[in-house]
1. Let me spell it out: the conditions are (1) open to solvent by less than 60 Å² (accessible area, probe 1.4 Å); (2) more than 16 Å from ligand 1 (Cβ to nearest atom); (3) at pLDDT 80 or above; (4) within 17 Å of the chain's Cα centre (by Cα), and residue 50 meets all of them except one. Which number is the exception?
2. Given the conditions (1) in contact with a helix residue (DSSP H, G or I) (Cβ under 9 Å, 6 or more places away or on another chain); (2) surrounded by 19 or more Cβ atoms within 10 Å (Cβ to Cβ), which single one is not true for residue 176?
3. Given the condition farther than 25 Å from residue 142 by Cβ and open to solvent by 20 Å² or more (accessible area, probe 1.4 Å), answer yes or no: does some residue in the range 92-110 qualify?
4. Scanning the range 161-173 for residues that are within 15 Å of the chain's Cα centre (by Cα) and charged (D, E, K, R), which turns out least open to solvent (accessible area, probe 1.4 Å)?
5. Considering only the range 130-160, how many residues are open to solvent by less than 30 Å² (accessible area, probe 1.4 Å) and closer than 27 Å to residue 178 by Cα?
6. Based on what the data block shows, is residue 117 open to solvent by 20 Å² or more (accessible area, probe 1.4 Å), at pLDDT 85 or above, touching a Lys or Arg at 6+ places or on another chain (Cβ under 9 Å) and basic (Lys, Arg)?
7. Kindly list, by first and then second residue, each pair from a residue in the range 154-183 that is under 16 Å from residue 63 (Cβ atoms) and outside any loop (DSSP other than H, G, I, E, B) to a residue that is open to solvent by 60 Å² or more (accessible area, probe 1.4 Å) and at pLDDT below 95, limited to pairs with Cβ atoms under 7 Å and residues at least 6 apart or on different chains.
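The values are calculated or read from the model by the stated rules, or taken from the named source; none is laboratory data. In this text the structure is predicted, and so the values were computed from the model without any measurement. When we count neighbours, we look across all protein chains shown, and the Cβ atoms used for this are built from the backbone with ideal geometry, even at glycine. Ligands, DNA and RNA are stripped out before the accessible areas are found, and what is left, the full protein with its side chains, is counted by its heavy atoms. Shrake-Rupley method; radii C 1.70, N 1.55, O 1.52, S 1.80 Å.
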Amino acid sequence: MEDEDDYDYKMKIIFTGDMGVGKTKIIQRYTRKMYYEKDMPATIGVEFHWKRVYLKDEDVKIKALIWDTSGSERYRAVTVGHYRDSLGAVLVFDITDANTFESLDFWLKDLKRSVRKECVMALLPNKIDLISGNSEKRQVSEEQIVEFAKKNGLLYLGECSAKDDINVTETLDQLVFEIKEKQ
Ligand code: GDP
Ligand code: MG
């Protein structure tokens, strides 16, 4: 068993974005290296997970507390209160569903209202596995994504797949690194 209290830094990162975009699966992939095909019951309000992150070339142990929030409006009152002390936030959308990209303005506004200015935000487009060999399924272009990230000052390291384990750890480890650099 890992010792939960053995760390040099502790940071809280929250996930946001529409329901169904893959937030819970990304968190499972990152914190437990797993992807369950079967869907768990929808997250109600908030749920938290943690992962110890070791940064390359640095002798520090970081405990990343990851808060999974429900995208459902019904739970807004529960989720907003949990935003305040977050040092990082991840905005997730599904590249095969343009509506989830359009919702990002809402989620971003919601975040900005609730987190501190220092909070580092990342953009994580999910489900790229669905467009490999099937590019007509793509509903949001890379240019749109890059522009959105740039306009809003979001960390963006490419699209990901929780299912095929592409770019999840890279993006989230980089987010952890950037948060730590700001401390
Ligand atoms: P959440 O509501 O944002 O937490 O979304 P979930 O993590 O519950 O995922 C919603 C649905 O999308 C589930 O049926 C997942 O199996 C599916 N899903 C999540 N990530 C991926 C992915 O990377 N690729 C594919 N093809 N499906 C995914
Ligand atoms: Mg979920």
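1. Here residue 50 clears every test but (1).
2. Exception for residue 176: condition (1).
3. no
4. 173
5. Final tally of qualifying residues: 9.
6. no
7. 180/9
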